[in-house]
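*Asks:* The structure's right below; bear with me while I get my questions together.
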Amino acid sequence: MPAIEVQGLRKRFGRGGRAVQALDGIDLEVAPGEIYGLLGRNGAGKTTLVKVLLDIVRADAGSAAILGRSSKSARARSPVGYLPEDHRFPEYRTGLGALDLYGGLSGLSARESRRRAGELLEQVGLAGAARKKIRGYSKGMKQRLGLAQALVHDPSVLFLDEPTDGVDPVGRAEIRALLEDLRDKGCTIFLNSHLLGEVEQICDRVGILEAGRMVREGGIDSLTRADRAWDLRTEPAVDAALLPQLRALVTRAELHDQTLELAAEDDADLDAALDFLRARGHRLRGLQSRRLTLEQVFLRAVEEPA
Amino acid sequence: MRPFLAMLRDSFRESIDRRALFVLLAVSCLATLFCFSIAFEKEAPELVLRRQARRLDTIRHGNSLVHFDGSMPLEFDVVRVAPVSADAPAPPGHAAAELLVELEFAHEHELNAMVHSWAAFLEGYPDDLSRYDAPVGEAARRGYLRERFEGFGYADVGVVEGVLRAKAAEDARAYRVFVAGAESYRVAGAHRLSIGFGTLAVGLEGTSVQEVVFTIQKVLAEAIAGFVGLLIVLSTSASFIPAMLQKGALDLMLARPVSRTRLLLYKYAGSVSFVAVLAVLLFSGCSLGLAVSTGFFNPWFLACALTLVAVFAILYAVAVPLGVLTRSGNMATLGALGVWGLESTVSQLRASDDVLPAWLRAGLEGLHTLLPKLSDLTGLNERFLARTPLADEAAARVIAEPADLDWLFILSTTGAFTLLMLGGAVWLFRRRDW
């Protein structure tokens with residue numbers, strides 16, 4: 001059973017000419033224990049998708065389920081933790097008090113809430129400010145507290161919207177480590193983030209939303225792998241004079257310094273090019289699939305939607 | 001239950017964070033302190049009795065004493081006030097008598113005028129003027145005197161007629177009245193009232209300790225708690241729901257495994273519970289203060305807390321849908337205060353004797369049916385407090401005759417209004433995207 005399952009989800013805000021199609025037939029599955037990153041431009045529908053999953057926003061069509069339960073049921077949210085992007089805590093409460101409130105709303109007893117609150121505030125580095133009113137917290141402290149409230153009832157599915165927003169680099173590294181630790185414990189994490197590097201570092205799979213549609217989806221490895229392109233190093237290095245003959249065998253052959261970039265439509269063409277080079281005395285010293293950065297993948301996806 | 005308790009704790013925290021709460025607590029503490037600071041100092045019984053006897057030709061009108069005929073004092077003397085003695089023994093059957101007052105009326109008609117006016121006062125001053133000229137028998141005169149002295153708070157009143165002076169006019173009448181046996185707090189004017197732990201002392205005129213306590217309780221229930229307190233608590237708490245619905249704050253709540261209906265109703269119940277705690281604090285503190293300082297305890301005073309909480313719950317139910325609709329604390333507050341003011345105006349206009357156009361009266365009746373019956377509910381305070389054992393005469397003066405109300409209509413329409421408001425709020429809250 002998938003941890004998160006979305007089918008044909010549609011949501012339109014407003015009416016008439018000013019209507020915005022926030023979600024336009026989204027299908028999505030996230031396996032238990034997976035860290036799934038959702039990327040997209042501002043207004044692409046990322047937050048709307050999460051809000052529909054949490055029943056904060058009601059979909060016009062389609063279905064969404066968490067651990068097999070329809071997201072329209074309040075019980076579906078029992079195993080769910082959520083850190084919204086622009087969250088606002090009750091400023092009259094202390095960090096400890098806020099966790100007590102959210103723990104209670106999640107069904108924890110006052111004693112359990114306090115115990116978990118103490119542990120989590122320690123974990124997110126807020127133990128020293130536990131009894132301080134939230135109105136005195138910095139943005140980074142509120143973000144850490146946000147993460148703690150999402151975890152207070154030990155959820156098995158976690159939705160995080162920009163979890164490292166406003167957090168310093170050291171804090172970001174700590175949060176990343178925390179998320180990886182949660183994944184190791186079997187927690188499913190659904191991450192909305194603009195920080196592509198961060199997503200690339202911790203996500204198992206990524207979806208890219210553009211204008212309410214899922215334009216790319218897959219594992220980081222498969223998304224960043226360039227379209228059948230390789231970097232080849234040989235000894236001696238390939239001479240530029242051989243490039244016209246190589247181009248007759250593969251779709252692309254370019255020389256970058258000492259490295260030869262080859263692109264081939266199938267493995268047989270690549271093998272033919274390698275045989276050609278071996279026949280001319282070049283020994284193979286390295287062959288690596290050429291990769292794109294996630295940023296490149298993202299930019300290509302939003303500029304040329306599938 | 002756990003989510004409800006969490007919301008309840010949060011409502012308390014939210015209330016504590018507002019400065020208005022400290023104003024409310026200060027009001028409660030001041031009111032309680034005021035009640036503790038009251039003291040009644042007994043006056044000499046002879047002095048009290050003389051003062052009371054001199055007021056036989058007056059009736060309390062509002063807060064002042066007026067003469068029976070509207071202008072001139074009647075002609076009578078208080079000849080002597082003294083303990084019962086051998087030369088003036090108590091009449092048979094009045095062995096407990098302690099004091100005797102001797103009264104002399106210069107003319108019979110003076111006493112008759114008193115008897116008529118007293119009857120007219122008790123009957124609400126009927127327009128039939130001819131009755132004032134009706135002859136008065138001796139039994140009626142004696143009955144009048146007995147009734148007046150009983151009204152002053154004496155439990156055992158005996159009246160003996162007798163000519164006290166030799167050279168009196170032919171139609172003069174003289175009486176000896178023996179009084180005794182009342183609990184001291186029921187004797188009107190038998191005390192001096194001191195406030196602020198003796199800072200200010202006031203001589204009581206024509207009023208008993210119990211009446212003073214009744215008045216203080218009424219002011220506390222209707223003016224301090226029922227108006228000032230309600231105004232502050234409503235202005236403060238009306239913004240609680242809009243605050244919960246602020247962008248970023250609500251997401252944190254809605255992501256929990258609690259339905260929207262329960263979330264909203266828990267928040268509502270949390271605020272009402274908080275007001276209930278404040279009300280219990282105020283009324284029990286004042287009740288204790290009055291009990292300690294006056295020795296008088298009316299358990300029905302505590303029931304006024306229920307009225308306060310009920311009125312708040314109804315008005316807060318108006319603030320909830322407005323808060324959900326506009327997310328504005330100011331709009332929610334204004335809406336609740338608006339309904340309060342409108343109902344009060346409608347209620348007063350309906351009760352007035354002014355001749356109103358038919359269309360206006362029909363409109364008022366329509367509004368009265370739709371609106372919650374806050375004035376009628378507040379009127380319950382007087383009914384609760386009226387259960388105090390006041391002397392009949394004092395009760396006639398200070399307790400308004402309860403109106404004959406259709407409580408089934410009042411409770412059903414008020415309940416329907418409240419449910420409609422809350423139901424509307426829940427409906428809005430459930431159907432909106434947040």
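The values are calculated or read from the model by the stated rules, or taken from the named source; none is laboratory data. Please read all numbers here as calculations on a predicted model, not as lab measurements. Glycine gets a Cβ as well: all are built from the backbone with ideal geometry, and neighbour counts include every protein chain shown. Accessible surface areas use protein heavy atoms only, side chains included; no ligands, DNA or RNA. Shrake-Rupley method; radii C 1.70, N 1.55, O 1.52, S 1.80 Å.
*Asks:* Which order, highest average first, do B:25-33, B:335-343 follow once you tally other Cβ atoms within 10 Å for each residue and take the mean per peptide?
*Replies:* By packing density, highest mean first, the sequence is B:335-343, B:25-33.
*Asks:* Given a Förster radius of 56 Å and the C-beta distance between B:GLU365 and A:ARG75 as r, what FRET efficiency does 1/(1 + (r/R0)^6) yield to the nearest 0.05?
*Replies:* For B:GLU365 and A:ARG75, the calculated efficiency is 0.70.
*Asks:* Note the count of lysine pairs whose C-alpha atoms are less than 30 angstrom apart in chain B, limited to pairs 8 or more residues apart or on different chains.
*Replies:* 4
*Asks:* For the stretch B:150-158, take each phi angle, set θ = phi - 60°, evaluate the Karplus expression 6.51 cos²θ - 1.76 cosθ + 1.60, and give the result in whole Hz per residue in order, putting x for glycine and proline.
*Replies:* My calculation for the stretch B:150-158 gives 5, x, 5, x, 7, 7, 10, 10, x Hz in order.
*Asks:* So which residues in the stretch A:43-62 end up with at least 40 square angstrom less accessible surface once the other protein chains are there, compared with the chain by itself, probe 1.4 angstrom?
*Replies:* For the stretch A:43-62, once contacts with the other chains are taken into account, A:LYS51, A:ILE56, A:ARG58 lose 40 Å² or more.
*Asks:* Interface size between chain A and chain B, please: total buried accessible area, 1.4 Å probe, rounded to the nearest 100 Å².
*Replies:* 2800 Å²
*Asks:* Going by a 1.4 Å probe on protein heavy atoms, which residues of the stretch B:8-39 end up with at least 20 Å² less accessible surface in the whole assembly than in their chain alone?
*Replies:* Hits at the 20 Å² cut-off: B:ARG9, B:ASP10, B:ARG13, B:GLU14, B:ASP17.
*Asks:* Next up: At 0.36 nm per residue, minus the direct Cα-Cα distance, what do B:PHE409 and B:VAL78 gain on full extension? Give it in nm, one decimal, please.
*Replies:* Answer, rounded to one decimal: 113.8 nm.
*Asks:* Skip the ligands, DNA and RNA, and give the accessible area per residue of chain A with a 1.4 Å probe, whole Å².
*Replies:* So chain A comes to 45 Å² accessible per residue, rounded to a whole number.
*Asks:* A further question follows. Using mean Cβ contacts within 10 Å as the protection proxy, how do A:42-52, B:35-45 order, highest first?
*Replies:* For the peptides A:42-52, B:35-45, the packing ranking is A:42-52, B:35-45.
*Asks:* To test your reading of the geometry: what angle, between 0 and 90 degrees and rounded to tens, separates the Cα axis of helix B:209-218 from the longest principal axis of chain B?
*Replies:* Between helix and principal axis, roughly 20 degrees.
*Asks:* Same structure, new question: Taking 7 Å along the Cα-to-C-beta vector as the label spot, tell me the A:ASP221-A:ARG252 distance in nanometres, rounded to one decimal.
*Replies:* Result for the modelled spin labels: 2.3 nm.
*Asks:* Each label point is 7 Å from the Cα along the Cα-to-Cβ direction; what then is the distance between the points at B:SER352 and A:ARG114, in nm?
*Replies:* Between B:SER352 and A:ARG114, the label points sit 5.8 nm apart.
*Asks:* Next up: Counting only heavy atoms of protein chains, what accessible area per residue, in Å², does chain B have with a probe of 1.4 Å?
*Replies:* With the other protein chains kept in place, chain B gives 46 Å² per residue.
*Asks:* Further question: State the Cα centre-to-centre distance between the stretch A:2-20 and the stretch B:409-434 in whole Å.
*Replies:* 30 Å
*Asks:* Using the Karplus equation 6.51 cos²θ - 1.76 cosθ + 1.60 (θ = phi - 60°), what ³J(HN,Hα) coupling, rounded to whole Hz, does each residue of the stretch A:197-202 give in order, writing x for Gly and Pro?
*Replies:* x, 5, 4, 4, 6, 10
*Asks:* May I ask you to derive the FRET efficiency for B:ASP133 and B:ALA395 from their Cβ-Cβ distance with R0 = 35 Å, giving the value to the nearest 0.05?
*Replies:* Working from the Cβ atoms, E equals 0.75.
*Asks:* Of the beta bridges DSSP finds with both residues in the protein assembly as shown, what % are antiparallel, to the nearest 5?
*Replies:* Here the share of antiparallel DSSP bridges comes out near 80 percent.
*Asks:* Same structure, new question: List the residues of the stretch A:78-101 for which accessible area in the full set of protein chains is at least 40 Å² lower than for the chain on its own; 1.4 Å probe, protein heavy atoms only.
*Replies:* Those residues are A:ARG88, A:TYR92, A:ARG93, A:LEU101.
*Asks:* Any idea how far apart B:TRP427 and B:ARG387 come out in nm if each label point goes 7 Å out from Cα toward Cβ?
*Replies:* The modelled label-to-label distance comes out at 3.9 nm.
*Asks:* In addition: Compute the FRET efficiency between B:VAL23 and B:LEU200 as 1/(1 + (r/R0)^6), taking r as their Cβ-Cβ distance and R0 = 25 Å, and round to the nearest 0.05.
*Replies:* Efficiency at R0 = 25 Å is approximately 0.55.
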